[in-house]
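For reference, the structure discussed in these notes is given below.
Please treat every number below as a calculation from the coordinates, not as lab data. The shown structure was predicted, so the numbers you read here are calculated from the model rather than taken from an experiment. We place every Cβ from the backbone using ideal geometry, glycine too, and count neighbours over all the protein chains shown.
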Amino acid sequence: MTDDPDGPDSPDDRAPLVDIAPKRWLCCHCGGTGVDSYGPTCEHCEGLGFC
């Protein structure tokens, strides 16, 4: 095996890195509102509305 800088895995041939946005799922307890059915902050998602 040789270390060929122009080989198939050379840095110039690789795809550029891109930022991937994190996936956010609606909270299954409050439905994304951040409060539970009684009014206080949802304990499951801590009021954020997503998990």
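A few notes on this one:
- Counting Lys and Arg as +1 and Asp and Glu as -1 over every other residue whose Cβ lies under 15 Å from the Cβ of His44, the net charge comes to -2.
- Inter-site label distance for Phe50 and Trp25 at 7 Å from Cα along Cβ, in nm: 1.3
- In segment 16-51, chymotrypsin sites (Phe, Trp or Tyr not before Pro) in a DSSP loop with at most 10 other beta-carbon atoms within 10 Å: Trp25, Tyr38
- Environment charge of Cys30, counting only residues whose C-beta is closer than 15 Å and scoring Lys/Arg +1, Asp/Glu -1: -2
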